[in-house]
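Here the structure is laid out as structure tokens; the discussion comes afterwards.
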Amino acid sequence: MKQQISPRSFFLFGLVAALGACHSGGNDEPQTVTVTVTETVTGTQTGTTVATGTLTATNTVTNVVTSTATAVVTAVISGTETTTAVATVTSTSTATQTQTQTQTTQVTATVTSTSTATTTSTSGTTGSTTGTTTGSGTTTSSTTGKLSAVSLKASTTNVTAAGNLGLLATTVEPKAAAKVEFFDGSKSIATVSSYPYTAFVALTSADNGDHSYTAKATDASGKSVTSDAVSVTVNISGSAPARVPNPFVGAKGYVNPEWKAKADGESGGSRISNTPTGVWMDRIAAIYGGSGSMGLRDHLDAAVAQNATYAQFVVYDLPGRDCAALASNGELGPTDIDRYRKEYIDPIAGIEGDVAYANLRIINIIEIDSLPNLVTNTNGQPGATPMCDTMKANGNYVKGIQYALSTLHKLPNTYNYVDAAHHGWIGWDSNMGPTADLMASTANGADGGFDTVTGFILNTANYSVLSEPFFAVNEKTRPSKWLDWNQYADELTFAADFRKMLISKGYPSTIGMLIDTSRNGWGGAGRPTAASTSTDPDTLVDQSRIDRRFHAGDWCNQNGAGLGERPQAVDKDGIHAYVWIKPPGESDGASKQIANDQGKGFDRMCDPTYTGNARNKNNMSGALPDAPLSGAWFSAQFQELMANAYPPL
């Protein structure tokens, strides 16, 4: 059993060790531990630790105690001993203890200020104790040996393309090192002082030859251990593969094993479980994985193992993220731009740039909803929020996206697609032009300018249809409640015109558009099969439209939605591909308040009883009931998406 000890309990353990002559009935677990505690004894202090389990321990303990205090300590170890000690000593003790026993230990100590010293112990001790009495009133306990070993792993041992070589050091006891220094032979090449202990070595043809890498880990006490050497052969010739105009053409997409397992676990889910989907890096911890979940490197390794041509990742952790939707708020505060750069983008770039993935096309979907929010949900707009005003004022959305574009574009095998909302958000003249202007100025301010952007993605995690075949957008239909004077009713028409506008703002004519079709099928028995014959604009549009939401601004777990077109390269009319960036079955947000440590709030747009706000013109939310937190598996929605798929499964 892993024993958890409070800071106060560490003091008590050190006191027992010093005053009880290191009795053999200690309650250490089978590990070597380094603990340093300094405490000035004043007044009366009491503490208790309890541990039960089968324990084996071999420890070397050094204690120095200088005190004018009297310590009265009672330790009861079930079936072994009772120790009572009253002492004022300065002692240095070294004890070697080896034990295996099942025990319950409870230690209670009360410290008062006197100067009488006696010691009574019933346990056996191997070792020696020497001491003199002084009077400083400070107790220090130190246990050495927690950092026992370090291992080193390289992302590949045969480098054939220029890029970053990833080095990962791992201590036997997690996070035991205060710093880890990496060496190439005797040359120090990097030092890291935070966990995980990862370094990236930039390699070119100038580095061709054999290399021997090691890692030296040092703990807080100064103790160091060095890993075994890892041999890496560098044989780089030529340059990295050039970017292709459309990374989806003739390419095989990566299937996320975690999503596949969930889909396979659903009745009928195997029909779609081999479909490529986006992998969401929606918090810093997602980069590294853990607790049974895959991190970025794990996904890239799996993509290589699948012989995939491309893998898709959603870069989604801006400061003050998603300023108009509480369900998808993030972990970083509005001013945390430095954390975003150093703790989020830099590690992503380091891993994606690893030479082990040089032949993989890495698709980065850049910051969902962010720039459009600065246009439509700030001061003077019906949907304005204080957080969107803050993010517009401090510029951290723009700064963050510019840094992401600049940093990720420097990797030769990455493709950046910036999120550009959907027709039901920015399809009006008053929104479309300002959004294109902001998209242009943001990219133009990145290191690399417009070239840092491969294209744009529309309808990410949304429900807007590719096309509306049974009615046209014209002066007769635009006044309808559904269109509300919007210029567009579908994504394909909007994509074509928005792309032309972006090119007119300075983007190259090579930019392409992606459309997320994961949940915009709207099939099932209620799907219209012909145009309405009504002459009333509202009736004509409502009876003809494929999209059956209450309002095009409804975005959370929409009732009646279905899977859309399966992922495929289009490569026509500026459309690069249809993609499933939102993995079907993953919730958009909880339908009620759910406590969590991810910064995700409760948005009433996910509540099926909600009657709306200015952003959806006070229509019903259209959300499904009983939904979990955003990103969590939502079985009922997955089943409905399959049932309403169009094309049908």
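The values are calculated or read from the model by the stated rules, or taken from the named source; none is laboratory data. Keep in mind that what you see is a predicted model, and the values were worked out from it rather than measured. Glycine gets a Cβ as well: all are built from the backbone with ideal geometry, and neighbour counts include every protein chain shown. These accessible areas exclude ligands, DNA and RNA; they are computed on the full protein's heavy atoms, side chains included. Shrake-Rupley method; radii C 1.70, N 1.55, O 1.52, S 1.80 Å.
Things to note:
- D_trans [Stokes-Einstein, Kirkwood Rh over alpha-carbon pairs] for region 365-499, 25 °C, 0.890 mPa s, µm² s⁻¹: 155
- Hydrodynamic estimate: the Kirkwood radius of region 456-579 over Cα pairs, inserted into Stokes-Einstein at 4 °C and 1.567 mPa s, corresponds to D of 85 µm²/s.
- Mean Cβ neighbour count within 10 Å, used as a protection proxy, ranking 376-385, 634-643 highest first: 634-643, 376-385
- Remark on region 495-649: ratio of C-alpha radius of gyration to 2.2 N^0.38 Å is 1.18.
- The figure for Cys323 is an accessible area of roughly 10 square angstrom, using a 1.4 Å probe on the protein chains alone.
- Near the amide H of Arg321, within less than 5 Å, lie the amide hydrogens of Gly330, Leu332, all on another chain or at least 5 residues away, with H placed in the peptide plane.
- For region 299-313, putting each phi into the Karplus relation 6.51 cos²θ - 1.76 cosθ + 1.60 with θ = phi - 60° gives couplings of 5, 5, 4, 5, 4, 5, 5, 7, 6, 6, 8, 9, 9, 10, 10 Hz, in residue order, rounded to whole numbers and with x for Gly and Pro.
- Length-normalised contact order for region 466-539 - Cα pairs under 8 Å, 6+ apart - percent: 40
- Within region 414-505, chymotrypsin sites (Phe, Trp or Tyr not before Pro) in DSSP loop having at most 14 other beta-carbon neighbours inside 10 Å: Trp485
- Computed from the Cβ-Cβ distance with R0 of 35 Å, the FRET efficiency linking Asn274 to Val230 stands at 0.50.
- Qualifying trypsin sites (Lys or Arg not before Pro) for region 214-254 [loop in DSSP, other Cβ within 10 Å: at most 10]: none
- Those lysines that a straight Cα-Cα span of less than 19 Å connects to Lys175, excepting residues fewer than 8 apart in one chain: Lys2, Lys146, Lys153, Lys216, Lys223
- Normalised size of region 559-649, defined as Cα radius of gyration per 2.2 N^0.38 Å with N residues, equals 1.26.
- Here's the list of lysines a cross-link from Lys600 could span, going by alpha-carbon distance under 26 Å and ignoring same-chain residues fewer than 8 apart: Lys260, Lys262, Lys342, Lys392, Lys399, Lys582, Lys592, Lys617.
- Listed by chain and number, the aspartates and glutamates placed with their C-alpha closer than 16 angstrom to that of Lys410 are Asp346, Glu352, Asp354, Asp447, Asp451; residues fewer than eight positions away on the same chain are left out.
- With θ taken as phi - 60° and the Karplus curve 6.51 cos²θ - 1.76 cosθ + 1.60 applied, the whole-hertz 3J(HN,Hα) list for region 189-201 is 10, 6, 9, 10, 10, 9, 8, x, 8, 10, 10, 10, 10 Hz, x standing for glycine and proline.
- If you model region 169-267 as an ellipsoid using its alpha carbon gyration tensor, with each semi-axis the square root of five times an eigenvalue, the axes come out at 35, 26, 11 Å, biggest first.
- Of the peptides 188-198, 278-288, the ranking by mean beta-carbon count within 10 Å, highest at the top, reads 278-288, 188-198.
- When the square roots of the Cα gyration tensor eigenvalues are ordered a ≥ b ≥ c, the ratio a/c for region 216-300 is 1.5 or more and a/b does not exceed b/c, which makes its shape oblate.
- Sparse-neighbour loop sites [trypsin sites (Lys or Arg not before Pro); region 369-410; at most 10 other C-beta within 10 Å; DSSP]: none
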